[in-house]
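See below for the structure under consideration.
The values are calculated or read from the model by the stated rules, or taken from the named source; none is laboratory data. Keep in mind that what you see is a predicted model, and the values were worked out from it rather than measured. Using ideal geometry, Cβ is built from the backbone for each residue, glycine included, and neighbour counts are taken over all protein chains shown. SASA here: full protein model, heavy atoms, side chains in, ligands and nucleic acids out. Shrake-Rupley method; radii C 1.70, N 1.55, O 1.52, S 1.80 Å.
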Amino acid sequence: QFFVFCHGFLQLSQLLVSGYLKSSISTIERRYGLSSQTSGLLASFNEVGNTLLIVFVSYFGSRVHRPRFIGCGAILVSLAGFLMSLPHFITGPYEYDQSVASMFSNTTDLCQPGVPGSQGNLSDAGCTPHAARENHEVLLVMFVAQALLGIGGVPIQPFGISYIDDFASERNSPLYLGILFSVTVIGPGVGFMLGSAMLRFYVDVDKVTGDEVQLTNKDPRWVGAWWLGFLVAASLVALSAVPYFFFPREMPKEVGEVLQIALVGLHTNTSWVYFPLVLLRNLRHPVFLLVVLAQVNISAMVAGLATFMGKFLERQFSLTASLANMIIGAVNIPGAMVGIVVGGAILKWFQMSLRQCSAMCILGLFLCLLMAFPLLFLGCPTQKVAGVTYSESSEFEPTLECNLWCHCPEKAYNPICGSDAIEYISPCSAGCRVVNIDADTNSVLNYTNCGCISENGLPGSAKPGTCGTGCSHLFLPFVVLSCLAGILASTSHTPSFMLILRSIQPEDKSFAVGIQFMLLRVLAWMPGPVLYGSAIDTTCILWEKKCNRKAACRYYDNNLFRQR
């Protein structure tokens with residue numbers, strides 16, 4: 001029972017690392033200027049290390065000191081977690097364009113007529129060869145960390161499950177494995193909650209004092225302390241690795257019937273000679289093949305959604321990253337958990353046949369589609385952004401002319417919301433000449449004397465920050481429907497497993513589940529986030545430019561983003 005407790009704790013901490021990455025992905029994109037395709041690849045890169053090794057590990061399962069192997073894997077995972085936070089410590093402080101001169105720069109992005117190129121240094125400051133190299137280093141470190149995370153995770157689940165199954169009594173084994181399974185579902189949820197807590201802190205909380213930060217967490221330039229959660233999660237993994245070095249290689253079996261079942265694709269001791277034969281036999285099995293293909297499709301969707309759902313909520317409903325993670329961790333993931341439990345309970349209650357199992361899967365997914373269909377329409381278009389999604393009509397002089405004499409740096413990004421409810425990329429692009437500052441908090445109150453904003457024929461004013469999409473009234477229906485769709489879809493989880501386990505020859509069972517997970521990894525969990533990220537990138541209408549390369553996306557076409 002102590003082993004089950006330790007293993008539950010370890011699996012939770014391990015999932016905390018990977019779940020936390022998904023919760024902070026939109027923040028990491030903004031901090032290091034990544035496209036969603038790159039961040040999707042980063043999020044799924046741990047599967048690469050994992051897939052390469054999983055076959056060997058399952059094969060050598062019963063010949064090694066399993067607890068010690070699990071402990072070593074856990075140490076690798078914790079190392080990967082610490083590596084993930086390393087970029088924060090090797091790069092300088094986060095820089096953003098500001099209207100008020102600060103200790104970082106004396107440049108400003110206000111409109112200063114008659115001084116051509118006075119803000120030249122604002123746009124090109126970050127483009128030294130050193131800065132470009134720094135960016136490559138950051139990506140390299142993160143990809144290596146993700147690969148290590150995958151490799152370290154390989155022995156944890158298979159060895160843990162087979163160890164428990166070998167030495168637990170026949171009667172208790174399903175209970176223990178049930179406990180572990182529920183932990184694997186809770187884990188990512190806790191990861192998102194951790195993300196929600198950490199992203200409320202400013203990224204350079206350790207490098208600058210509070211009064212020097214001119215951003216609130218509602219500002220589109222805000223970057224939360226993404227690295228802090230990795231330190232927390234990695235420390236927990238390191239802590240949970242310790243007891244594994246003290247477990248024996250074998251335990252006396254709990255009292256009960258001695259019947260050893262190889263559980264869930266774990267230690268197959270068939271020799272390699274039969275490998276191709278068994279593989280072909282299973283792949284030719286129509287039920288196995290169809291169910292696995294169905295699972296591949298739904299898993300690819302879940303992998304993509306888990307990675308970018310937070311970013312979607314942030315953009316569509318103008319939420320902070322912290323709140324978006326809170327919703328996913330507290331509503332969507334627990335919803336999926338409820339669905340899995342309900343599906344299993346129905347199976348057990350009605351003692352379903354295989355045909356009824358497949359009918360139940362179809363029903364659950366069909367109802368899920370009905371719930372998810374309205375989500376296509378629950379959202380708003382992107383707010384009006386001058387020169388990006390919106391250009392002035394002839395009634396007032398065109399946007400270009402009213403700030404032409406301002407000599408704006410082209411890359412400035414410090415969105416403001418004009419009194420005409422149009423968003424401008426920077427105070428300069430709105431032709432604002434004056435900034436008013438709250439002396440106590442050192443934060444911007446408003447901008448005045450803006451040439452491009454007309455208020456009754458006079459230059460208007462603007463508030464700092466984005467205008468938002470004005471979509472908050474649709475947020476609640478969206479969350480409710482997406483949660484219901486998730487519950488309905490996950491009721492098919494257990495029956496689809498049963499279809500596989502019961503339709504295959506008993507001696508192939510563990511091997512078949514091994515193949516199933518292999519196919520899920522290669523066809524769903526790896527490509528899913530990358531495909532989603534690429535689709536999201538196609539809906540971007542304004543890219544941040546860093547050293548003449550595309551960095552992070554500033555504005556998306558929200559309607560396209562939602563539909564794709």
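Remarks
- Annotation note: of I54, I75, the sole residue that is touching a helix residue (DSSP H, G or I) at 6+ places or on another chain (Cβ under 6 Å) and among the β-branched types (V, I, T) is I75.
- Unmet criterion (only one of (1) assigned by the TED database to the domain that holds V291; (2) more than 24 Å from A303 (Cα to Cα)) for M498: (2)
- Subset of segment 465-476 [in contact (Cβ under 8 Å) with a residue 60 or more places away in the chain and open to solvent by 50 Å² or more (accessible area, probe 1.4 Å)]: T466, G470, S472
- Considering segment 353-405, the residues that are hydroxyl-bearing (S, T, Y) and open to solvent by less than 80 Å² (accessible area, probe 1.4 Å) include one that is modelled with the lowest pLDDT, namely T399.
- At least 1 residues being more than 25 Å from F377 (Cα to Cα) is the threshold, and among the helices (runs of 4 or more DSSP H) wholly inside segment 461-562 those reaching it are 493-503, 509-520, 527-537.
- Only one of the listed residues (I416, I453, I437) is in the same structural domain as W405 (by the TED database), open to solvent by less than 20 Å² (accessible area, probe 1.4 Å) and over 17 Å from R221 (Cα atoms). That residue is I453.
- Applying the criterion of being assigned to a helix (DSSP H, G or I) and open to solvent by less than 10 Å² (accessible area, probe 1.4 Å) to the residues of segment 154-163, the residue that is farthest from V522 (Cα to Cα) is Y163.
- Just one of (1) at pLDDT 85 or above; (2) open to solvent by 80 Å² or more (accessible area, probe 1.4 Å); (3) closer than 25 Å to F159 by Cα fails for A233. It is (2).
- Output for segment 1-33, where each listed residue is open to solvent by 10 Å² or more (accessible area, probe 1.4 Å) and either outside any helix (DSSP H, G or I) or assigned by the TED database to the domain that holds A324 (or both): Q1
- Pairs where the first residue, in segment 282-294, is free of Cβ contacts under 8 Å to residues at least 12 places away in the same chain and open to solvent by 60 Å² or more (accessible area, probe 1.4 Å) and the second is in a helix (DSSP H, G or I) and not β-branched (V, I, T), C-beta under 8 Å, 6+ apart: L289/L283
- Listed by position, the helices (runs of 4 or more DSSP H) enclosed by segment 242-342 that each have at least 3 residues that are modelled with pLDDT under 90 are 275-283, 286-317.
- Considering segment 206-216, the residues that are open to solvent by less than 50 Å² (accessible area, probe 1.4 Å) and under 18 Å from L445 (Cβ atoms) include one that is modelled with the lowest pLDDT, namely Q214.
- Pairs are defined by a Cβ separation below 9 Å, a sequence spacing of at least 6 or placement on different chains, a first member in segment 128-153 that is within 11 Å of M84 (Cβ to Cβ), and a second member that is surrounded by fewer than 20 Cβ atoms within 10 Å (Cβ to Cβ) and aromatic (F, W, Y); the pairs so defined are A145/F82.
- When each of C547, C483 is tested for being farther than 30 Å from D165 by Cα, at pLDDT below 85 and not charged (D, E, K, R), the lone residue that passes is C547.
- Taking segment 177-200 as the range and being surrounded by fewer than 18 Cβ atoms within 10 Å (Cβ to Cβ) and in a loop (DSSP other than H, G, I, E, B) as the test, only R200 passes.
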